[in-house]
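A.B. asks: Structure in structure tokens, see below.
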Amino acid sequence: MMSLKDEEYMKEAILEAKKAEAKAEVPIGAIIVLNGEIIARAHNLRECEQNAIAHAELLAIDQACKKTKSWRLENAELYVTLEPCPMCSGAIILSRIKRVIYGATDPKGGCAGTLMNLLQDERFNHKSEITSGVLEKECSLLLSEFFKGIRDKKRLVKLAKKTQLDNHEGINSL
């Protein structure tokens, strides 16, 4: 069940997502809360680091483990702007995070209920509680605007190339 605290913490994850966006990264942010305190915060860095595993959730989990000096994050809560992928869901299970709260669903890779639900699969020795849709509109808008910007930029580059080619052909016909 979503609470005002969930919204407050998701706003912090959104701030992290905006940091990613400022670096031309997919705007996904994550924070980890333990005993009412934010102990880790991270955002996607895949492009900057050219590292397939530099997802916001994994970076935040790594930071939280270092802070707590333990790989077990049993009472921690992870707030993330986009539903975790299979890799991140695996790390969540393995780090024993108690609860996952996410904003936007991921129809292409979501493993906290959309494509599948790894976080609550009975076959694993740990399950995480899930709260979805927290500030969903804000989280979704960040992502859709980011990808729209990329598509618009590609269209402009394509148009510029076509214009340049047309101008070049016009010069050659003189």
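A.B. asks: Calculate the length of the line joining the C-alpha centroid of segment 60-84 to that of segment 107-128, in whole Å.
C.D. replies: So the separation of the two Cα centres works out to 17 Å.
A.B. asks: Calculate, in whole percent, how much of the Cα-Cα pair population of segment 118-157 lies beyond 14 Å.
C.D. replies: 66
A.B. asks: Which percent of the accessible area of the chain is formed by carbon and sulfur heavy atoms (probe 1.4 angstrom)?
C.D. replies: 56
A.B. asks: Report the Stokes-Einstein translational diffusion coefficient (µm² s⁻¹, integer) for segment 58-120, Rh taken as the Kirkwood radius over Cα pairs, at 20 °C with viscosity 1.002 mPa s.
C.D. replies: 184
A.B. asks: How large is log10 I(q)/I(0) at q = 0.17, 0.19 Å⁻¹ when the Debye formula is applied to the Cα atoms of segment 5-106, each weighted equally and without solvent?
C.D. replies: -0.65, -0.82
A.B. asks: Going by alpha carbons, how many degrees (0 to 90, nearest 10) lie between the helix axis of 86-95 and the longest principal axis of the chain?
C.D. replies: 30
A.B. asks: What does the accessible area per residue of the chain come to in Å², with a 1.4 Å probe and no ligands, DNA or RNA counted?
C.D. replies: 58
A.B. asks: To check my understanding: the extent here is largest minus smallest coordinate of the Cα atoms along each principal axis. What are those three numbers for the chain, in Å, largest first?
C.D. replies: Here the spans come out as 75, 32, 29 Å, largest first.
A.B. asks: Defining a contact as two alpha carbons under 8 Å apart and six or more residues distant in sequence, what relative contact order in percent does segment 1-136 show?
C.D. replies: Relative contact order of segment 1-136: 20 percent.
The values are calculated or read from the model by the stated rules, or taken from the named source; none is laboratory data. All figures in this text were calculated on a predicted structure; none of them were measured in a lab. Each accessible area value is taken on the protein alone, full model and side chains, heavy atoms only, with ligands, DNA and RNA left out. Shrake-Rupley method; radii C 1.70, N 1.55, O 1.52, S 1.80 Å.
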